[in-house]
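The values are calculated or read from the model by the stated rules, or taken from the named source; none is laboratory data. What you are looking at is a predicted structure, and each value in this text was computed from that prediction instead of being measured. As a convention, Cβ positions derive from the backbone with ideal geometry for all residues, glycine included, and neighbour counts pool all protein chains shown.
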Amino acid sequence: MKVSVIGATGYAGAELLRLLYGHPQAEVVHITSESHTGERIDTMYPHLRGLYGLTLESMKDIEAIGRDSDFIFIGLPHGHAMAVGKALEKLPVRIIDLGADYRFADTDVYEAWYHVPHTHKDAPRVYGLAELYRDDIRDAKIIGNAGCFTTASILALAPLAKEHLIDVNTIIVDAKSGVSGAGRKPNQGNHFPELYDNFKAYKVATHRHTPEIEQAVEGLSGEKTVINFTPHLVPMSRGILATCYATLKDGVMPEQVDAAYEKLYGSEHFIRLLGRGGYPETKYVRGSNFCDIAWHIDPRTQRVIALSAIDNLVKGAAGQAVQNFNIACGFDEKLGLDFTPIYP
């Protein structure tokens with residue numbers, strides 16, 4: 001399959017190129033960057049030296065790129081993918097957007113949280129979280145790749161919501177991310193002296209991944225959902241650890257919780273269940289497409305605490321995009337992703 005990457009110079013775009021290099025059924029034919037047009041990608045990312053000699057193009061002639069591609073991956077900030085989607089809507093090329101523009105069924109929710117108008121409201125899109133929506137992904141024209149915090153949180157909560165084991169309006173998600181989730185553009189908060197030896201919360205009650213988690217939980221449970229989501233930044237480059245709390249419904253037993261996780265994920269290659277009482281760690285999923293999940297039950301408070309760990313740039317971005325690409329093409333989902341985490 002001939003694939004192109006629009007916005008290839010961000011961390012997610014560079015990670016996507018790393019993964020696609022090892023994919024036996026993907027040929028990268030175009031990569032773009034408006035700020036680095038004319039430069040070679042391996043001068044910006046020397047770890048790609050000897051692997052990619054491609055020169056970064058402008059996406060001004062996006063239709064020509066679309067005509068020369070079977071799939072286009074978009075790694076642009078929110079608000080920019082819609083123009084690409086509209087420009088390519090009459091071409092047979094399919095799109096996987098790593099940003100937020102195509103994640104929401106209700107574009108009013110997108111506009112309320114992202115504060116930009118949605119200019120492609122009628123786009124034929126599906127939500128791209130592979131383990132939960134693969135039947136929709138197979139034939140989709142546009143796949144809105146799930147976000148990083150949302151992937152970790154939704155996968156941890158999905159069995160509980162789907163089997164109606166929790167009160168979905170008691171959900172609290174407390175998640176920690178490495179700094180690569182903030183993107184490559186430098187700012188004071190990501191400056192080494194500010195970040196190192198520090199640990200902080202940010203965007204409390206206002207983070208844009210909140211409605212994305214709510215949308216998924218509502219879809220799985222069939223119940224209107226409002227959650228609390230608090231993200232934190234930790235001084236590491238990669239990884240997310242999500243700790244998700246919810247009150248169990250009356251009469252729910254620990255064995256029912258165990259069974260729900262096994263029922264939904266027991267045959268999933270990229271979901272590794274550590275079981276009741278386990279402790280996922282970011283170190284053990286680093287550089288991989290795995291999501292490690294465990295859960296604890298507090299009988300004193302009648303709450304379940306679900307834990308998940310992912311690499312935010314792989315399962316939370318580029319790896320998920322490749323997994324969705326595999327599903328959409330009819331390939332084995334593991335193609336190009338079947339490797340061990342990096343340790344230590």
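Just one of the numbered conditions (1) of a type in the set (S, T, N, Q); (2) outside any strand (DSSP E or B); (3) farther than 27 Å from G189 by Cβ is not true of T247: (2).
In region 181-207, the residues that are without any contact (Cβ under 8 Å) to a residue 12 or more places away in the chain form Cβ pairs under 6 Å with partners that are small (G, A, S) and part of a helix (DSSP H, G or I), at six or more places apart or across chains, as follows: N190/A182.
Taking region 48-102 as the range and being in a strand (DSSP E or B), within 24 Å of N326 (Cα to Cα) and without any contact (Cβ under 8 Å) to a residue 60 or more places away in the chain as the test, the residues that pass are I95, D97. Note on region 10-27: residues that are outside any loop (DSSP other than H, G, I, E, B) and under 21 Å from the mean Cα position of the chain (by Cα) total 11.
Among all positions in region 316-330, there is at least one residue which is touching a residue at least 40 places away in the same chain (Cβ under 8 Å), part of a loop (DSSP other than H, G, I, E, B), closer than 26 Å to I143 by Cα and more than 20 Å from the chain's Cα centre (by Cα). If you go through region 250-288 and keep only what is touching a residue at least 40 places away in the same chain (Cβ under 8 Å) and in a strand (DSSP E or B), you end up with just I271. Those residues that are over 18 Å from T151 (Cα atoms) and charged (D, E, K, R), I need them from region 87-122; list them, please. E89, K90, R94, D106, D108, E111, K121, D122, listed by residue number. Checked against the criterion of being more than 30 Å from T247 (Cα to Cα), among the polar types (S, T, N, Q) and not assigned by TED's automatic domain parsing to the domain that holds P254, region 304-324 contains one or more residues that satisfy it.
Residues in region 144-174 that are crowded, with 24+ Cβ neighbours inside 10 Å, outside any helix (DSSP H, G or I) and in contact with a helix residue (DSSP H, G or I) (Cβ under 8 Å, 6 or more places away or on another chain): N145, A146, G147, I166, I171, V173. The selection criterion, being under 25 Å from L98 (Cα atoms), of a type in the set (S, T, Y) and surrounded by fewer than 19 Cβ atoms within 10 Å (Cβ to Cβ), does not hold for T282.
Yes/no per residue for (1) crowded, with 23+ Cβ neighbours inside 10 Å; (2) out of contact with any Asp or Glu (no Cβ under 7 Å at 6 or more places or on another chain); (3) assigned by TED's automatic domain parsing to the domain that holds G99:
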residue: A12; (1), (2), (3): yes, yes, yes
residue: L16; (1), (2), (3): yes, yes, yes
residue: H23; (1), (2), (3): no, yes, yes
residue: S35; (1), (2), (3): no, yes, yes
residue: D42; (1), (2), (3): no, yes, yes
residue: Y45; (1), (2), (3): no, yes, yes
residue: G53; (1), (2), (3): no, no, yes
residue: D61; (1), (2), (3): no, yes, yes
